[in-house]
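Have a look at this one before I ask anything.
Computed from the coordinates by the stated procedures, all read-outs in this text should not be read as laboratory data. Remember, it's a predicted structure, so these values are computed and weren't measured experimentally. Neighbour counts run over all protein chains shown; Cβ positions are idealised from the backbone, glycine included.
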Amino acid sequence: MTDMVKCSGPPIKMVPSPATAPPAIDMEHLSHMTLGERGLEIEVLRLFERQADLLLARMREVGPEGVATLAHTLSGSAKGIGAWRVAAAAEATECAVKQSAPLDPAMAGLAASVDEARRAIEGLVGVGARTTDV
């Protein structure tokens, strides 16, 4: 299962400066994927948030092969909502397994990117909830 992502060379550290960093959730992509239906956007974001929490928790309980498989699943889900940094961090975690590299730094990066996405989702869902309440 560790051959799901092509890994070459040393891991790439992706830390964009705050001024140039794209948003944690690509709303244009999300809107395209949900056909612009705001209620569906909110539902998909909440599902992603729950799934990410479950997958991260499970990754802490399994061996490297399981981590790679779960990271691959998280990467696909993140791409579906436009959480590109989560997807990249999940792929980096998958590559760490393939390269027999230490998992702690990759897992820490993945957890941080999921936290960033979670904060963005809370902001987006809160905006949606306020909009529909008015």
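Alpha carbon centre of segment 66-86 versus segment 25-60: separation in Å?
Each part reduced to its Cα centre gives a spacing of 11 Å.
Per residue of segment 56-71, what does 6.51 cos²θ - 1.76 cosθ + 1.60 with θ = phi - 60° give for ³J(HN,Hα)? Whole Hz please, x for Gly and Pro, Karplus curve as stated.
Values, residue by residue: 4, 4, 5, 4, 6, 10, 10, x, x, 4, x, 4, 4, 5, 5, 5 Hz.
All other residues with a Cβ under 14 Å from the Cβ of GLN51 taken together, and with Lys, Arg as +1 and Asp, Glu as -1, what is their net charge? Walk me through the numbers before you get to the answer.
Details: positive: ARG46, ARG50, ARG58, LYS79, ARG118; negative: GLU43, GLU49, ASP53.
Overall, the nearby charge balance is +2.
Compare the peptides 80-90, 61-71, 34-44 by average per-residue count of other Cβ atoms within 10 angstrom and give them in order, highest first.
Most protected by this proxy first, the peptides run 80-90, 61-71, 34-44.
Give me P(r) over segment 27-125, computed from all C-alpha to C-alpha distances, binned every 5 Å, as integer percentages.
Histogramming segment 27-125 at 5 Å steps yields 2, 15, 26, 23, 15, 9, 6, 2, 0 percent.
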